[in-house]
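Structure first, commentary second.
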Amino acid sequence: MFCRNCGKEVQPNAEVCLGCGVKPYNGNKFCQNCGAETQLNQEVCVKCGVKLSKPASSGFGTGPGKSKIVAGILGILLGGFGVHRFYLGYIGIGVLQIVVTLITCGAGAIWGFIEGILILVGNMNKDADGNPLSD
């Protein structure tokens, strides 16, 4: 097996590559056990049968399954600052919401407030990685 990052040889069960210090296999693209290529959202490696690990998501939470309630409340209370968008991993839209709120002297905060309500009622139900929000 070879590291996908630096190309050096890696033992099949290695946690990190000794050449570059990076995990040689990523659970959403390669099996962490055998290194076989996998599909996004695949749960088990079809080559060796090992349960695939999930990558950490961006944002404040760790991993998939960010809370719909937390995102909705952040949108209602701090939506003008895009906090709910940062939490869900949509960094660009979060920055845009800050800019709109500042340019409109606070009137643009209604955008985040409405999105907070939409999140709570289930119209916005995925984070930036495509993972569904948990209740």
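Kindly provide the set of residues from region 105-135 that are under 17 Å from PHE86 (Cβ atoms) and of a type in the set (D, E, K, R), ordered by number. Of everything in region 105-135, those that are under 17 Å from PHE86 (Cβ atoms) and of a type in the set (D, E, K, R) turn out to be GLU115, LYS126, ASP127, ASP129. Based on this model, can you work out whether ALA36 counts as among the small types (Gly, Ala, Ser), at pLDDT 70 or above and surrounded by 16 or more Cβ atoms within 10 Å (Cβ to Cβ)? No, not satisfied.
If you check PHE86 against the conditions, is it assigned to a helix (DSSP H, G or I), under 22 Å from GLY65 (Cβ atoms) and either in contact with a helix residue (DSSP H, G or I) (Cβ under 8 Å, 6 or more places away or on another chain) or free of Cβ contacts under 8 Å to residues at least 24 places away in the same chain (or both)?
On the way: assigned to a helix (DSSP H, G or I): yes; under 22 Å from GLY65 (Cβ atoms): yes; either in contact with a helix residue (DSSP H, G or I) (Cβ under 8 Å, 6 or more places away or on another chain) or free of Cβ contacts under 8 Å to residues at least 24 places away in the same chain (or both): yes.
Judged against the criteria, PHE86 is a match.
If you scan region 99-122, which residues turn out to be more than 24 Å from the chain's Cα centre (by Cα) and assigned to a helix (DSSP H, G or I)?
Here is the first cut: in region 99-122, the ones more than 24 Å from the chain's Cα centre (by Cα) are 100-110.
Answer for region 99-122, where residues must be more than 24 Å from the chain's Cα centre (by Cα) and assigned to a helix (DSSP H, G or I): VAL100, THR101, LEU102, ILE103, ALA109, ILE110.
The set of residues in region 112-123 that are at pLDDT 90 or above and in contact with a Leu (Cβ under 9 Å, 6 or more places away or on another chain) comprises GLY112, PHE113, GLY116, ILE119. Of the set (1) in contact (Cβ under 8 Å) with a residue 24 or more places away in the chain; (2) within 20 Å of GLY65 (Cα to Cα); (3) surrounded by 18 or more Cβ atoms within 10 Å (Cβ to Cβ), all apply to ILE117 but (3).
The values are calculated or read from the model by the stated rules, or taken from the named source; none is laboratory data. All values derive from a computational prediction rather than experimental measurement. Cβ sites come from the backbone with ideal geometry, for glycine too, and all protein chains shown count toward neighbours.
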